[in-house]
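The values are calculated or read from the model by the stated rules, or taken from the named source; none is laboratory data. Since this is a predicted model, take the numbers as computed values, not measurements. We place every Cβ from the backbone using ideal geometry, glycine too, and count neighbours over all the protein chains shown. These area figures cover heavy atoms from the full protein model, side chains too; ligands, DNA and RNA do not enter into them. Shrake-Rupley method; radii C 1.70, N 1.55, O 1.52, S 1.80 Å.
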Amino acid sequence: MQSNGVVIFRLVLAFFRFVLVKMFEKISIAFLSLVEGLSMKGTAEDDVATFDQLSKRWWEPNGPMILLHRLNKLRVPMVVEGLIKVGKLDRKQRYTTDALKGLNILDVGCGGGIYAEALAKLHANVVGIDPARHLIEVAKAHAEAQSDIKDRCHYYEQSMEEHWQGAANKYDVVVLSETIEHVVDKSSLLKHVAEVLKPGGSVFISTWNKTSWSWLLAVVVLENIMKRLPKGSHDYDKFVSPEETEAILEAYGCRTIEQRPFYLKFWESEWVWVPFNQLTYALHAVKG
């Protein structure tokens, strides 16, 4: 008969062998998925198609677009605070339910309307544009079902290149949230943004910085391992640094007055402001 020590040793050995096998399986799957994902270089049409496929689940708070829903916690207050800083809003309006009343806002790359609706609920008049047809349909249907905002939310299946014509000096605010990193010609995009802004108008941008850390989090972790972002939806070559974004805006007469880095606590799906600028950032610039 074997001693108790030998039996225990063999049980422990078998347990660790089992753990190692499972770990190897998971690492192999993750590696193969990662290689496939990192090799994907999406065109503009690919990006539209990717997000179009998600249209049916766009408004599920804990669905595939959970990170966009959670991002409203940062990006909506930043618009209000930013407009207070430049004198477009009174400080007393900071916490009112109609803080953006009377302002005309353009949401570029609006998707299914998550950001646009949040701004409209503060009584802004919001126009959302996006080239993804199914997402515009979702945005229209969702807004139409809400009597408090349906008259202040208007959506169009358009690119910025199509929309800017005839809209010069029309908007008090333009927002581009998680949009510019999907665009190849950033200079042309921001040129049109500047053209549709009124003199003294504000543009708010949130996007991924162009660093190895942002690539690791967005493409490797969130897309290919944790599956929190649509696979293939982010191409590192299209990421843009805050310095480059500021330089392009400056060339078209928009001066950056604030740049704030933020970070995703991916284990909690929560976005928070942080003091380091290696991952994502939000930027506020003013025309004129």
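Using the average count of surrounding beta-carbon atoms within 10 Å as a protection proxy, the listed peptides 113-122, 94-103 rank, highest first, as 113-122, 94-103.
Could you order peptides 208-214, 133-139 by the average number of other Cβ atoms within 10 Å of their residues, highest first? Kindly include the intermediate steps, with their values, before the conclusion.
Details: 208-214: 17.6, 133-139: 20.7.
Averaged packing, sorted descending, gives the order 133-139, 208-214.
With the full set of protein chains in place, find how many percent of the accessible area of the stretch 143-288 is carbon and sulfur; take the probe as 1.4 Å. Mind showing how you got there, number by number?
Values: 3280 of 6250 Å².
Exposed carbon and sulfur together represent 53 percent of the surface.
The aspartates and glutamates whose alpha-carbon is closer than 17 Å to the alpha-carbon of Lys85, local same-chain residues fewer than 8 away aside, are Asp172, Glu258. Which of Gly102, Ser188, Leu135 sits closest to the plus end of the dipole of the stretch 102-203, meaning its Cα is farthest towards the positive end, when Lys and Arg get +1 and Asp and Glu get -1 on the C-beta? Of the candidates, Gly102 comes out farthest on the positive side.
What the phi angles of the stretch 144-158 give under the Karplus curve with 6.51, -1.76 and 1.60, with θ = phi - 60°, is a coupling list of 4, 7, 10, 4, 6, 10, 4, 7, 10, 10, 10, 10, 9, 7, 8 Hz, glycine and proline written as x. Annotation for the stretch 196-285: GluC sites (Glu not before Pro) lying in DSSP loop with at most 16 further Cβ atoms inside 10 Å of their Cβ are Glu268.
I want to make sure I understand the PRE zone here: with the label point 7 angstrom from the Cα of Ala167 toward its beta carbon, which residues in the stretch 270-288 have backbone N atoms less than 12 Å away? In the stretch 270-288, the label zone of Ala167 (backbone N under 12 Å from the point 7 Å along Cα→Cβ) covers no residue.
Once the chain from Ile257 to Glu243 is taken as fully extended at 0.36 nm per residue, the excess over their C-alpha distance is 3.8 nm. Take Thr280: with every protein chain present and a 1.4 Å probe, its accessible area is about 0 Å². Against the criterion of solvent-accessible heavy-atom surface with a 1.4 angstrom probe, Ile248, Ile129 sort, most first, into Ile248, Ile129.
Determine the dipole magnitude for the stretch 183-270: charges of +1 sit on the beta-carbon of Lys and Arg, -1 on that of Asp and Glu, nothing else is charged, the reference point is the Cα centre, and the result goes in debye to the nearest 20. Provide the component values of the computation, followed by the final result.
On the way: 11 positive and 12 negative charges, 44 e Å.
I would put it at about 220 debye.
For the stretch 108-151, relative contact order (Cα pairs under 8 Å, six or more residues apart, normalised by length) works out to 43 percent. Remark: the stretch 265-275, residue by residue, has Karplus-estimated 3J(HN,Hα) of 7, 5, 6, 10, 6, 10, 9, 9, 6, 9, x Hz, where x stands for each Gly or Pro and the curve is 6.51 cos²θ - 1.76 cosθ + 1.60 at θ = phi - 60°.
Can you put Phe266, Phe239, Phe276 in order of accessible area, largest first, using a 1.4 Å probe? Provide the component values of the computation, followed by the final result.
Values: Phe266 55, Phe239 5, Phe276 90 Å².
Largest accessible area first, the residues go Phe276, Phe266, Phe239.
Around the amide H of Tyr155, modelled in the peptide plane, lie the amide H atoms of Gly128, all under 5 Å away and 5 or more residues distant in sequence or on another chain.
Would you mind checking Lys73/Lys101; Lys73/Lys227; Lys210/Lys231; Lys150/Lys210; Lys101/Lys210 for any pair whose Cα atoms are more than 26 angstrom apart?
On the way: Lys73/Lys101 19 Å; Lys73/Lys227 22 Å; Lys210/Lys231 19 Å; Lys150/Lys210 37 Å; Lys101/Lys210 35 Å.
Those over the limit are Lys150/Lys210; Lys101/Lys210.
Of all aspartates and glutamates in the structure, those lying under 15 Å Cα to Cα from Lys191, and not within fewer than 8 positions of it along the same chain, are Glu161, Glu162, Glu244, Glu246, Glu250.
Partners of Lys92 within straight-line reach, counting aspartates and glutamates whose Cα lies under 15 Å from its Cα and excluding those fewer than 8 residues away in the same chain: Glu81.
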